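See below for the structure under consideration.
The values are calculated or read from the model by the stated rules, or taken from the named source; none is laboratory data. Every value quoted in this text rests on a predicted model; they were computed, and no experiment measured them. Please note: Cβ atoms are built from the backbone with ideal geometry, for glycine as well, and neighbour counts cover all protein chains shown.
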């Protein structure tokens, strides 16, 4: 075989991880409690379509190499007692890598399942004159997982009535009870996630 299938499969595996690393990191940060690492790989987001394309091409080529029929010349040259390929060169391993790659590429679509439901948030009774609404411009959010990470951390503060973070707009709109929490504390909490507040409206 002219091409090394193990290398092709390995490259496809790593490009699938790279394609979703910017979305996986916020979830890992949530699970580990290390909020500051959430935006570490957000710089990879612009290259995500290229990583997806590379993954599909590499794994598609690996499957082509595995499934293409052998020529008469290859059959004639083959030894009578062909050795069974080891696990790392088998179709089973390629299938496992393909399923894993598909899960990684689709990760942004189901990242929300790793975050606590907002249905369990305590209901606050506040004086309407104490309610403030502030919109924070937030840099570094690249997917739904990033926005959910910001929402999750801000919701832990006392006095938060509602937060709506949007990665496409790059904003976090927060409604809060002013005597219980300040906009400065909310900004500090957002910055602690690794994303940065660049402006307040």
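Observations, loosely collected:
- The residues in the stretch 167-186 that are touching a strand residue (DSSP E or B) at 6+ places or on another chain (Cβ under 8 Å) and either farther than 24 Å from residue 111 by Cα or surrounded by fewer than 17 Cβ atoms within 10 Å (Cβ to Cβ) (or both) can be counted, and the count is 7.
- The set of residues in the stretch 150-165 being in a strand (DSSP E or B) and either at pLDDT below 90 or surrounded by fewer than 20 Cβ atoms within 10 Å (Cβ to Cβ) (or both) consists of 161, 162, 164.
Each row is one residue, and each column tells you yes or no for (1) surrounded by 13 or more Cβ atoms within 10 Å (Cβ to Cβ); (2) modelled with pLDDT under 75; (3) over 27 Å from residue 10 (Cα atoms).
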site	(1), (2), (3)
65	yes, no, no
84	no, yes, no
111	yes, no, no
118	no, yes, yes
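- The stretch 30-44: number of residues that are buried (at least 19 other Cβ atoms within 10 Å of the Cβ) and modelled with pLDDT of 65 or more: 1
- Residue in the stretch 135-149 that is more than 27 Å from residue 110 (Cα to Cα) and crowded, with 19+ Cβ neighbours inside 10 Å present: no
- Residue 97 fulfils the conditions (1) touching a helix residue (DSSP H, G or I) at 6+ places or on another chain (Cβ under 7 Å); (2) farther than 30 Å from residue 54 by Cα except for a single criterion, (2).
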